[in-house]
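Each reported figure results from applying straightforward, stated rules to the coordinates on display, with no laboratory input. The structure presented is a predicted model; accordingly, all values stated were derived computationally and were not measured. As a convention, Cβ positions derive from the backbone with ideal geometry for all residues, glycine included, and neighbour counts pool all protein chains shown.
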Amino acid sequence: MSIVGVTGEPATRIEPFIKDKGINYLIAIGGAPGYQTRGIPHSWLVDTKGNIVWEGHPASLKDQQIEALVKDFRPWPTLKLGGDLKKASAYVNGGRLGDGIKELTKYLKKPKDDTVVPDVEKALKRIEEFGAGQLAGAEEAAKKGDYDVVLTSLELAEKSFKGHDVGDQAKARLRALKKDKATKNEMAAAAIFIKAQKNIDSGQNRFAMAYLRQITKSKKYADTKMKAKAEKLYEDVSTRP
């Protein structure tokens, strides 16, 4: 979970305030699309999909609301192992989880330092659990009709776990979803939806709306669940300044 501050003030004005208050979290200087308010302080709670699930005065935000949001959050695994395991750490921290697993597994076959073996075993377990979680999360998202999440999760798993069983499973599942009569249009619409989201993130709302219209106006996607998501996002973007 991360905290991001949002301000419409210029950098030259906000930087002294940041130093004076000892603020050590990210500040979005210049504001951000979708995060406008007339009252200060004002907070937004954003889920792992980028959706605003709550907003209001920070004093009224309860711990239970935050805990409910992050209970299924799977943080990206990281390693801080040096020496002979420095290469494995670099792979994992650089997103090459499949290669990291290979290095860790190779080390366990002929460990040079028995004292680090428990740490290596824990690291392997954590990484493999993360991969299994990515696959399981994609299946749960498919049941809900969130095919943009499905596509993102499986593509990430395929790329990061390349050369490992998790990557192979993700690749096979992607291929099956894109070929299956019931889901191929969902996946095609999801790819367009993701492009729209990227444009929104960069403040290019006009281009985002053009992408969303490709979904909402096409007969090809008329019966998809992604169409409803696209219509909702289009309505939200169209009302933004």
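Ordering Phe17, Phe207 by the number of other Cβ atoms within 10 Å of each residue's own Cβ, fewest first, gives Phe17, Phe207. At full extension, Glu235 and Asp180 could sit 16.8 nm farther apart than now, given 0.36 nm per residue minus the alpha carbon distance.
The modelled label-to-label distance between Asp20 and Lys219, using points 7 Å beyond Cα along the C-beta direction, is 6.4 nm. Note on Trp76 and Ser60: the model spin-label points, each 7 Å out from Cα along the C-beta direction, lie 3.5 nm apart. Assuming 0.36 nm per residue, please report the length gained on full extension of the stretch Ser202 to Asp47 beyond their Cα-Cα distance. Here the answer is 53.9 nm.
Shown for Arg213, Arg38, Arg206: other C-beta atoms within 10 Å of each C-beta, ranked fewest to most, produce the order Arg38, Arg206, Arg213.
Seen from Phe161, the other residues with C-beta closer than 12 Å to its C-beta sum to a net charge of -1, counting Lys and Arg as +1 and Asp and Glu as -1. Rounded to the nearest 5, the antiparallel percentage of DSSP beta bridges internal to the chain is 50%.
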